[in-house]
Amino acid sequence: MRYGFRLFGVAAALFLGVAGESADAAEGAVGVYLLGARGPMAGFTPPPGVYFQDDTYFYSGKIGGGRALPTGGLLVANVSAQSWFNLPTTLWVTPAKILGGDLAFSATIPTFGAPRVNASLLVNSPRFGPIGINVTDEKTNLSDFQVGSFLGWHSGNFHWQLGVSGVIPSGSYVSGQLSNASLNRPAVDVFGALTWLDPAIGVDLSMAMGVTFNQVNRATDYKTGDEFHLEWAASKYITKEFTIGLVGYYYQQITGDSGSGARLGAFEGRVIALGGTVGYTFEVGKLPISTRIKVYREFDVQNRMEGTAGYFTVSLPLGVDSSVKPMASAIKAKF
């Protein structure tokens with residue numbers, strides 16, 4: 001899954017989706033890129049150093065009305081799901097420059113998640129046709145690896161990144177199981193992000209967009225189509241420690257699903273979400289720690305589940321080049 005870094009904070013600490021008609025929009029109606037992962041300071045790259053971020057992600061959604069979707073190699077309907085994942089990520093911003101940009105690498109190790117899925121399992125009866133059997137599945141299992149690299153640039157109040165990340169299945173996926181934290185499909189995500197930050201007034205306007213190129217889930221012979229995602233955030237520093245703002249995302253599948261496992265055909269999904277965010281930065285000794293909460297409510301959904309997503313993020317620097325003045329110092333000086 002695409003978790004990514006949102007970067008902000010004192011001494012450059014880090015700042016760091018499924019409804020429609022008898023259709024799916026990705027296998028299990030879930031993408032490897034977690035929508036809403038990027039927010040305020042999406043395009044800002046901190047000074048050279050090593051940073052750590054821990055994201056806890058929550059999602060609660062449903063798809064009802066007898067509408068079906070394939071997941072885990074099964075065909076299910078009237079699905080409701082509640083999921084949480086903990087996603088620890090390490091970022092290394094190197095001293096190297098390429099085309100004038102800072103070269104950085106990130107890695108998100110697989111960790112435990114516990115999706116709880118309630119659904120009607122559709123069994124085809126020659127005499128009575130499809131029959132729904134109500135089932136509930138909840139298992140704690142491993143999510144997937146993600147590694148990435150990007151280049152980051154700065155010019156006055158503008159900060160931007162161009163990068164690529166790859167998802168590597170953890171091997172914990174079980175075909176025929178509804179509750180899988182791993183999606184078992186390799187993928188590559190190409191992305192760009194831009195931030196305009198004015199330290200004089202404490203306003204941050206950020207956006208990020210990317211395209212996810214999915215590969216085949218070999219356990220189910222299901223190839224999810226390619227997916228476009230766009231995120232945005234507008235936030236304001238109320239004090240040097242506290243920010244508040246609005247966030248949102250847009251998702252559109254741009255090619256259809258295929259393979260023998262795509263039993264409902266090549267359907268393409270869409271979702272829009274709006275929400276809010278608050279951030280707070282504090283120090284423990286001289287160590288800056290940044291926290292952020294983001295909550296999104298989905299609407300205008302097609303061929304996906306519809307629900308509410310949330311993030312709780314804690315981020316901090318593990319080692320930073322002290323000779324470089326972080327952007328947050330300029331913001332603090334204005335208050």
Out of (1) surrounded by 19 or more Cβ atoms within 10 Å (Cβ to Cβ); (2) at pLDDT below 80; (3) outside any strand (DSSP E or B), the one PRO47 does not meet is (2)
Only one of ALA29, ALA12 is among the small types (Gly, Ala, Ser), crowded, with 22+ Cβ neighbours inside 10 Å, modelled with pLDDT of 55 or more and at positive phi, namely ALA29
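How about region 79-112: which of its residues are crowded, with 21+ Cβ neighbours inside 10 Å and under 22 Å from ASP189 (Cα atoms)?
Kept after step one, since they are crowded, with 21+ Cβ neighbours inside 10 Å, are these residues of region 79-112: 79, 81, 87, 89, 91, 93, 104, 106, 108, 110.
Within region 79-112, LEU87, THR89, LEU91, VAL93, ALA104, SER106, THR108, PRO110 meet the criteria.
Could you identify the single residue in ALA200, ALA233 that is over 16 Å from the mean Cα position of the chain (by Cα) and either surrounded by 15 or more Cβ atoms within 10 Å (Cβ to Cβ) or small (Gly, Ala, Ser) (or both)? Spell out the reasoning first.
Values: ALA233 fails: over 16 Å from the mean Cα position of the chain (by Cα).
Of the residues listed, the single one that is over 16 Å from the mean Cα position of the chain (by Cα) and either surrounded by 15 or more Cβ atoms within 10 Å (Cβ to Cβ) or small (Gly, Ala, Ser) (or both) is ALA200.
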Enumeration of residues in region 296-313 that are among the β-branched types (Val, Ile, Thr) and surrounded by 17 or more Cβ atoms within 10 Å (Cβ to Cβ):
VAL301, THR313
Any residue at all in region 185-195 that is assigned to a loop (DSSP other than H, G, I, E, B) and either surrounded by 23 or more Cβ atoms within 10 Å (Cβ to Cβ) or among the hydroxyl-bearing types (Ser, Thr, Tyr) (or both)?
yes
Test: residue in region 122-145 that is modelled with pLDDT of 90 or more and closer than 30 Å to THR45 by Cβ
no
Of everything in region 137-176, what is over 20 Å from TYR222 (Cα atoms) and charged (D, E, K, R)? Give them in sequence order.
ASP137, GLU138, LYS139
Within the bounds of region 54-68, is there any residue that is at pLDDT below 90, part of a loop (DSSP other than H, G, I, E, B), of a type outside the set (A, V, I, L, M) and surrounded by fewer than 22 Cβ atoms within 10 Å (Cβ to Cβ)?
no
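The values are calculated or read from the model by the stated rules, or taken from the named source; none is laboratory data. Quick caveat, the model's predicted, so the values are computed rather than measured. Don't worry about glycine lacking a Cβ; one is built from the backbone with ideal geometry, like all the others, and counts go over all protein chains shown.
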